[in-house]
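In what follows, a structure is listed as C-alpha cells, so that the remarks can point back to it.
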Amino acid sequence: MLLDFEVQRCTRCCAATERALEPGDECYSVLEIAGADVIRKDYSPEAWKGAPEAAFGWWRSRVPEPTAKRIKLAPNDVLLELFDQLADKSEQQDLRYVLALLLVRRRMLRVDVTHDSPHNEVDTLSNHTIEKMTLYCPKRDSTCEVAVAMPNSERIDEIQQQLSELLVAGAE
C-alpha cells in the first residue's frame, strides 16, 4: 500500500511552549496521524524531549526565512543516474537505500510486489545474510535490487549532508 500525503510548512510555533520560532532557529518537526489527516508539529530545542509516541516521523531543521523559496531537488533522471552509480559501491549501500526510498516517494521506483520483496540473500564473500528489496522502474520498464541498509546513527547526518550537496538544485 502506497500512502501519499502533503506535509504542511513549518508552523513557526513550538507545539509544547507556544513560543514563536524565529527564522534561522533550530527546530524539531514531527508528523502524527490524526484520523485521516497527517499533522505537523514543530518544537524548539529546549522543549524537545524526543519524538512523541504517536509520531511516525521526525527531523531536525531550521526555521526558513519568510521570503525563502522552496529548494528544488535535482531532476528525477539525475536521481536515477546517481542511484545506478551507487550500485557497485558497497561502502555507500546505506546512501543508495535512502536514495531508493526517496525515489519510491517520488514515484520513480516502486516496490515490486511480484517478487518476494524484501527477501534475504547470502553474500558469498562474507557469508552474511543481506536483506534485499526488489524495485520496479516504470520509466525504464526494469527491475533492480537494493540492499536494505539502514544507516547507523553516525551515518545519518553524513548521508543527509551528502544528499543535500548532491541533489539540491538551488533555491531561486
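Tell me the residue from Asp141, Asp94 that is of a type in the set (Asp, Glu), under 27 Å from Arg60 (Cα atoms) and modelled with pLDDT of 90 or more, please. Walk me through how you get there before you give the answer.
Working: Asp141 fails: under 27 Å from Arg60 (Cα atoms).
None of the other options fit; the residue is Asp94.
Looking for whichever is over 23 Å from Ser164 (Cβ atoms), modelled with pLDDT of 90 or more and among the acidic types (Asp, Glu) here; the options are Glu26, Glu53, Glu18, Glu32. Which one fits?
Only one candidate passes the filter, namely Glu18.
Looking at the stretch 20-35, which of its residues are touching a strand residue (DSSP E or B) at 6+ places or on another chain (Cβ under 7 Å), open to solvent by 30 Å² or more (accessible area, probe 1.4 Å), of a type in the set (Gly, Ala, Ser) and not in a loop (DSSP other than H, G, I, E, B)?
Ala20
Restricting attention to the stretch 36-53, which residues are out of contact with any Phe, Trp or Tyr (no Cβ under 9 Å at 6 or more places or on another chain), over 23 Å from Thr67 (Cα atoms) and either open to solvent by less than 50 Å² (accessible area, probe 1.4 Å) or not charged (D, E, K, R) (or both)?
Ala36, Ile39
The values are calculated or read from the model by the stated rules, or taken from the named source; none is laboratory data. These figures come from a predicted structure and were not determined experimentally. Cβ atoms come from the backbone with ideal geometry, glycine included; neighbour counts cover every protein chain shown. All accessible areas refer to the heavy atoms of the entire protein, side chains included, with ligands and DNA or RNA removed. Shrake-Rupley method; radii C 1.70, N 1.55, O 1.52, S 1.80 Å.
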